[in-house]
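Laboratory data are not the source of any read-out in this text; all were calculated from the coordinates shown. All values reported here derive from a predicted model rather than from experimental measurement. Methodologically, a virtual Cβ is constructed for each residue, glycine included, from the backbone with ideal geometry; neighbour enumeration extends over all protein chains shown.
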Amino acid sequence: MALLSQRGSRRFEVRSEVPLSAEPLRADYLLLRRSAEPSEPAGTLRRLWDLLPSEAIVEFKSVGRPYRRRNLDRLYSYLLLYFADTPERLEQRSDLCGVLLVPSRTRSLDVDAAALGMEWRDLGDGYWQLRGAAFALIVAEIDRVAEAEGDDLLRLFGHGEAQTREARRWLAQQLGAEEMAMEMQDLEGFDEVVRKLVATLPPEQVLAAYAPEQRMAGLPPEQRLAGLPPEQRLAGLPPEQRLAGPPPEQVLLAMPDDALRALSDAYLETLSAETRAAIRARIGR
């Protein structure tokens with residue numbers, strides 16, 4: 001350091017021990033292959049798993065937090081650092097790949113791929129391979145994959161809407177699991193998923209979570225008719241107008257009692273006292 005500072009070019013400022021990233025170097029997911037033997041088909045992203053080598057680093061971008069410029073560079077830097085630090089497991093670069101999950105392919109992603117000298121190879125049904133770099137990169141467009149594979153749960157994490165009861169049941173199970181309870185509110189895209197689930201509920205269940213003045217929110221003047229009960233005032237409104245404005249905790253109150261009973265005590269403790277009391281009154285614990 002002293003040598004660079006004292007005898008280096010005066011055209012450059014010399015700094016030491018400088019953090020190279022404003023965010024912690026932490027990938028969303030790391031996938032480790034357990035066995036090379038064929039297994040039963042996966043329940044989600046069905047085609048992805050056969051495309052993977054022994055290990056994969058996964059980055060997920062949601063509708064609310066979409067892909068931004070240079071996110072691909074960040075993912076690639078994770079691959080380089082991880083490979084450099086795991087020589088005992090990864091003998092060659094083909095043992096590792098990157099996976100980018102996005103709601104849909106975007107202009108900014110295309111620009112970054114081109115800047116890195118990568119070429120797109122269409123694998124079909126929303127799956128792509130980016131070629132031309134030291135590590136393989138797989139991109140999965142959630143919207144296209146969900147439609148091609150008929151994956152109702154996966155739709156929740158893209159622009160699509162849930163179409164079956166399985167999605168509501170799945171989320172209730174996740175909220176009710178002790179190991180997941182404290183993490184669900186911080187899950188990428190969690191608020192979006194909850195709102196989409198509530199949009200599939202019958203109007204009378206959605207109305208139960210609203211105060212009277214909120215039930216009128218978003219209605220044109222001609223529909224604000226005195227004397228009509230609240231459920232009639234909302235008749236014909238699309239789900240996004242029924243749900244305009246409520247915070248995620250209030251959205252939870254629109255879920256049926258069976259789904260609320262699946263919530264763990266640990267998760268309930270993460271909610272506000274008012275919401276927690278309302279839920280406990282409905283489920284009896």
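To the nearest 0.05, what FRET efficiency results for residue 119 and residue 94 with a Förster distance of 22 Å applied to their C-beta separation? Efficiency at R0 = 22 Å is approximately 0.80. Remark: 118, 1 ranked as 1, 118, counting other beta-carbon atoms within 10 Å and listing the fewest first.
In plain terms, the C-alpha convex hull of region 11-106 casts an average shadow of 9.5 nm² when viewed from every direction.
Of the residues 94, 84, 72, the one whose Cα sits farthest towards the positive end of the charge dipole of region 68-120 is 72 (charges of +1 on Lys and Arg Cβ, -1 on Asp and Glu Cβ, taken about the Cα centre).
Where in region 137-159 does the label zone of residue 50 land, with the point 7 angstrom along Cα→C-beta and an amide N cut-off under 19 Å? The answer is 137-141, 145-151, whose backbone nitrogens lie closer than 19 Å to the label point. Summarising the label geometry, the points placed 7 Å from Cα in the beta-carbon direction at residue 15 and residue 165 lie 5.8 nm from one another.
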